[in-house]
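Asker: I'd like to ask you about the structure that follows.
Computed from the coordinates by the stated procedures, all read-outs in this text should not be read as laboratory data. Note that the coordinates shown come from a computational prediction; the quantities given were computed from them, not determined experimentally. Here the Cβ positions follow ideal geometry from the backbone for every residue, glycine too, while neighbour counts run over all protein chains shown.
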Amino acid sequence: MKRRLSQRLKRKRFVCALAVGLFLIICIIKQSNLRQIFSAGKRSAAFYIWDDNTTYSWMKSFKSGNYNYTELLRPKGVYKGIPYLVVVASGIMNRLRRSAIRDTWAKGLRDSDGAEAAVVFLLGRSEIQYFQKLVNTEHTQYGDIVQFDFKDTFRNASLKTVLMLRWASKFNPTYLVKADDDTIVNVRKLRLELQSLQANFSKPVIAGYELIHVAPRRMKNDKWAVSEKEYPDKLYPNFVSGCLYVISGKALAPLYETALNTRPLSLEDVFVTGLVATRAGIPRVSLKDIEILGLDEACEMHEKLAVHHISASRMRLLSRVLSSFVRHCTSLSCSCIPLASPQLKATSK
């Protein structure tokens with residue numbers, strides 16, 4: 001009897017050990033995938049040009065894309081020759097995000113010292129009349145929406161960005177800043193970073209959080225899945241994250257013209273800043289301090305240029321942190337201190 005109990009106990013221990021081992025292997029694989037997707041390679045300020053002739057021969061059978069979509073709504077501003085033109089790609093139903101952006105970093109961009117800036121929101125259309133009426137009312141109030149007559153879906157994000165290129169190229173801005181509506185921007189750091197890269201922006205260039213040697217995700221239920229038919233290669237060309245990137249004015253026309261003759265891909269950052277930019281011979285350069293996986297500590301926003309995956313309410317919180325608090329660090333720890341704090345005054349003496 002004791003021998004049987006001992007054997008059963010050994011079997012249970014073996015099964016438990018096997019289960020734990022499998023669990024650890026799965027965790028390691030998932031962690032590796034995340035690193036590959038979001039931190040693939042190290043970010044480098046060096047320009048990178050991919051060899052189109054050998055890697056993307058499958059594109060050459062593609063003749064021309066259809067981007068003849070009508071503007072349904074036009075923003076009311078005057079944008080000709082504006083230094084900073086910011087286009088926020090937004091979803092039809094993301095009204096709260098647009099409101100938060102208007103009240104936070106977009107307001108800061110317009111009000112800050114320096115060159116003139118404008119912020120507009122780029123939308124497709126909704127097939128639900130109620131939501132379209134809400135957008136019309138919003139545009140009547142703010143006059144900052146540009147809307148095209150295509151169905152606004154995640155898989156049409158590349159279409160939306162190509163239409164952005166067409167629309168923005170008419171105004172010849174110095175910088176075209178493209179952002180997602182769940183991204184908060186530290187305006188001060190953005191201006192400083194662009195000033196440090198000013199020599200690069202005298203030529204066609206794209207700047208952002210650079211992603212290197214990223215492999216397509218093939219799982220069908222994955223939001224970012226791309227089939228082998230849509231993209232057969234094992235790696236994407238180097239590209240920058242779509243949460244925030246900056247295009248020089250001189251890159252707009254060649255990007256748009258090349259996009260017209262490039263086989264479409266549903267992932268807009270890979271398509272525009274990777275495939276199209278590579279074929280157009282437009283280099284990419286890194287922007288420092290962009291956080292693409294959210295933010296744990298609010299006061300870290302002082303050290304970031306932009307943070308992705310931010311809700312409307314947290315965007316307002318982080319904006320208050322930027323305007324009313326300072327990050328104070330000692331040898332032991334860092335903390336958020338109000339600008340009017342006696343502690344801050346004492347340390348500044």
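Asker: Treat each spin label as a single point 7 Å out from the Cα along the C-beta direction, and report the Leu192 to Lys234 distance in nm.
Answerer: Roughly 4.2 nm, to one decimal.
Asker: Follow-up question, since we're still on this one. Within the range 249-266, whose backbone N sits under 15 Å from a point 7 Å along Cα→Cβ of Arg155?
Answerer: Only 264-266 pass the distance filter.
Asker: Applying 1/(1 + (r/R0)^6) with R0 = 45 Å to the Cβ-Cβ distance of Leu96 and Lys203, what FRET efficiency is obtained, to the nearest 0.05? List each step's numbers first, then the result.
Answerer: Details: r = 39 Å, r/R0 = 0.86.
E(calc), rounded to 0.05, equals 0.70.
Asker: Want the number for Asp103 to Ile337: 0.36 nm per residue separation, take away the alpha-carbon distance, what's left?
Answerer: Values: separation 234, 0.36 × 234 = 84.24 nm, distance 2.27 nm.
This chain segment gains 82.0 nm when fully extended.
Asker: Please list 317-326, 242-251, 268-277, 162-171 highest first by mean number of surrounding beta-carbon atoms within 10 Å per residue. Write out the running numbers ahead of the final one.
Answerer: Details: 317-326: 16.9, 242-251: 23.6, 268-277: 26.1, 162-171: 20.7.
Result, highest mean Cβ count within 10 Å first: 268-277, 242-251, 162-171, 317-326.
Asker: Let me ask another. Sort 142-150, 299-307 by packing, meaning the average of other beta carbons within 10 Å per residue, with the highest value first. Don't skip to the end; give the middle numbers.
Answerer: Numbers: 142-150: 18.6, 299-307: 20.7.
In descending order of packing, they fall as 299-307, 142-150.
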